[in-house]
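Have a look at the structure below before the remarks.
The values are calculated or read from the model by the stated rules, or taken from the named source; none is laboratory data. Because the structure is predicted, anything quoted here is derived from the model rather than measured. A quick note on method: Cβ atoms are made from the backbone with ideal geometry, for glycine too, and the neighbour counts reach across all protein chains shown. Note: areas computed on protein heavy atoms with side chains; ligands, DNA, RNA excluded. Shrake-Rupley method; radii C 1.70, N 1.55, O 1.52, S 1.80 Å.
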Amino acid sequence: MTARPRTFPGRIALAAAAALAALTAGRAPAASSGTLGADDRTWSVGNTLISTGLRYADDGRVITMDLRDRSRGLDWASTAGGLGFRIVLRAPSPDAPADADPSASDAVTLTEGSTWDLVGATTKPAPDGTVRFDLVVASREATVSVTWSLVCHPESPVFRSSVAVTNTGAHRVLLEAVDGLDASLTAAGGALSSLTVNNFNWGQPATSFQTSQATLAPGGSVLACTGPGGNQAAWLALRSSTWGAGVFAGWEWSGPGLLAAAAADDGTMRLGVGFVPATFAHVLQPSETFASPTAFLGVFSGDLDAAGAATRAFVNRRIAPPLPAPDFPWAGFDTWGYSLDIDQPTVEVLIDRAAALGVETFTLDAGWFSRLGDWLADPQRFPGGLAALAARAHGQGMRFGLWVALGAADPASQVVQEHPEWVARIDGQPVTTDMGGVALCLADPDVRAWILAQVDRLVAEGSLDWLVHDFTVITACDEIGHSHQAGDGAWSSTTGYYAVLDEIRRRHPKLVLESCWDGGSLFDFGMVARHDTSATSDRDDAYGNQRAIYGGTYLVPPRYLDKYVGDDGTPDTYRFLSALQGGPLLLMGQLTNWSPETEAAARAALALFKETRAINRDGAVYHLTGQPGAGPVAAVESYDAKTGAGTIVVWAPSTATTGAAATRIVPVGLNASVIYDLSVSTNFSAVRAPQALPTETGANLMSAGITLGLAPTDGAAIVTFTKR
């Protein structure tokens, strides 16, 4: 196996970007395994779906011998190098003064292909069949040791990879990059195609969850810029048309990050996951250890829907918390359609009218408090406090939820007045949030303790079932005197953010947590691990909800794609069908101004949502067309093979075309020999009356398709099918 170079040429592209700031069906999984070779210098880790072999060479390098998709017999490390890691550090020479500044030293890049002394290797099996492999090596080029960890679960074609760096010298060491995954892959006999997915971003609000595909010819690269202010979700997929297979990668981290793939002239591909260059600097004292966030890399066979299926299955089994309830996701109502102009009489009316529509959870959005950061109900507008509203919602059979901005506060709030030193600052200036607020530095344990105390009180006062939290609280704070270093504010505030969320979960295990980070701009797998669902677009419009369903289902389970349905001016049926699939369907219009026809349509839509939510939550997802937009009709299918039930939602383009559109939609993934009963709805009324379609076999449906007539614009339909 050819040795890998120590540096990644694609990092040039990464630095420039920073500046711009189906598992094999029917195959039974076996336990993962980790074995040592006879000479204790070779190791094998994996399961029946994926495996890798590692070897410690005589010259001190760690060599990845293969990276196999075992279901297909494909080796993604062939001629390339396979799994790896990357660390960039600066360390004074051993004869430097004890207080030497490490930033004055030259940068050293360490990878598994650098020179190391072998310290040891262990495999740790878990009762569920998971195995963890830890390789410990000491650098011959810098005064550090590294523990490289690979975790493999028995049912998933995925490796989770991370590294921990320990300062073994007498001087401080400056870490500038600690990337838990830096893999070198084969191009499989030809150029690979890539897929990335945007998240919501207020800088580009109309492109939320758009997908981007590219062909990576030699010299080409693709980047996913993630975390606060990033435009992409923390996931990407690469596929070989020659092999009909590919790999996917993700990051279990919510801070600033980059996922990058770059094609080299020799037919290999580099795939890196880690911190954004120039945004991370951490001084490691002697004997201290720093651990990277976890990245994962998996293999898939088939088209890009197969990459999504493998990712979602892994996330459901190993990252996402259990469902809050068997009937989750729920239908809900949120008061933000009224903005801040709410009071107790208005909300009481909304609770009653929402319940009459069939709403299951009612959320009191911003406007209930006097001042951001003073998390007390405004006594003038809400004399009964949260308790009275919660009692009314619970009395109507609904759950009660509350919006807060954890870690944000008005400069005039009590918390900022009493603790101005808690405010996050960059270059001496406060980090601002929406609503005229400033961010508190979550790296500070006192700030975290204060936030948790507010949450405890609110949960008790409001008998809360649901908590939605918002605003930017992961910051690159560099304030001297805070409990973080000047260069690692983003990393420290992310760990603080996680500490708050983890403790809320521990204290209030039945509380549903919804992420609404600046309207849904934080889609990564650290977010998924700590929430039950997430907002997807603060625009609350039909087209944004379509894109969230289409693009988001490549990387997260559908339950994480909640859709807020605002009064966006589109027809009732269209905007409700634009939010039917995915996660919670949350009404956010001015309910008291709705016509009887809109209320009837909402009631019918919520009933249909409840009927189909298990299918849309648990079924396989197929992207039957291109993504929603100004082009042709878009369609997404959800099909549950266990029950033989499915849905296809079809949306007309967002710009007018000439005349009605006769659209042919071809389902996939059905059982060819099964007979299906089909119905189609193109209109919601007081009583939804679906039109019966001819009964067909799965084979006929997947061959002839289904022809629908849609309005030329703002037209939508839902096809439901069940196994006879």
Subset of the range 178-188 (residues that are assigned to a strand (DSSP E or B) and open to solvent by less than 10 Å² (accessible area, probe 1.4 Å)):
Val178, Asp179, Leu181, Asp182, Ala183, Ser184, Leu185
Kindly check whether there is at least one residue in the range 415-425 that is at pLDDT 95 or above, of a type in the set (Gly, Ala, Ser), surrounded by fewer than 18 Cβ atoms within 10 Å (Cβ to Cβ) and in a loop (DSSP other than H, G, I, E, B).
no
Number of the condition not met by Ser537 [criteria: (1) assigned to a loop (DSSP other than H, G, I, E, B); (2) open to solvent by 10 Å² or more (accessible area, probe 1.4 Å); (3) out of contact with any strand residue (DSSP E or B) (no Cβ under 6 Å at 6 or more places or on another chain)]
(2)
Tell me the strands (runs of 3 or more DSSP E) entirely within the range 310-381 that contain at least 1 residues that are of a type in the set (S, T, N, Q).
361-364, 369-371
One residue from Glu252, Glu176 being more than 14 Å from the chain's Cα centre (by Cα) and of a type in the set (Asp, Glu)
Glu176
Count - residues of the range 490-513 that are open to solvent by less than 40 Å² (accessible area, probe 1.4 Å) and either over 30 Å from Asp562 (Cα atoms) or outside any helix (DSSP H, G or I) (or both):
4
Pick from Thr196, Thr215, Thr211, Thr226: which is within 25 Å of Gly302 (Cβ to Cβ) and either surrounded by 21 or more Cβ atoms within 10 Å (Cβ to Cβ) or of a type in the set (Gly, Ala, Ser) (or both)?
Thr196
Does the range 156-174 hold any residues that are open to solvent by less than 10 Å² (accessible area, probe 1.4 Å) and out of contact with any Pro (no Cβ under 9 Å at 6 or more places or on another chain), and which are they?
Pro157, Val158, Phe159, Ser161, Val163, Val165
Residue count for the range 236-250, restricted to those that are of a type outside the set (S, T, N, Q) and in a loop (DSSP other than H, G, I, E, B)
2
Cβ contacts < 6 Å: first residue more than 17 Å from Leu464 (Cα to Cα), restricted to the range 369-393; second residue assigned to a helix (DSSP H, G or I), any location; separation 6+ or different chain. Result?
Leu372/Met435; Gly373/Val415; Asp374/Gln414
Anything in the range 465-486 that is within 26 Å of the chain's Cα centre (by Cα), closer than 17 Å to Phe280 by Cβ and open to solvent by 30 Å² or more (accessible area, probe 1.4 Å)? List them, or say none.
Ala476
Can you name the residue in the range 406-435 that is under 22 Å from Arg457 (Cβ atoms) and charged (D, E, K, R) and, of all such residues, is nearest to the chain's Cα centre (by Cα)?
Asp410
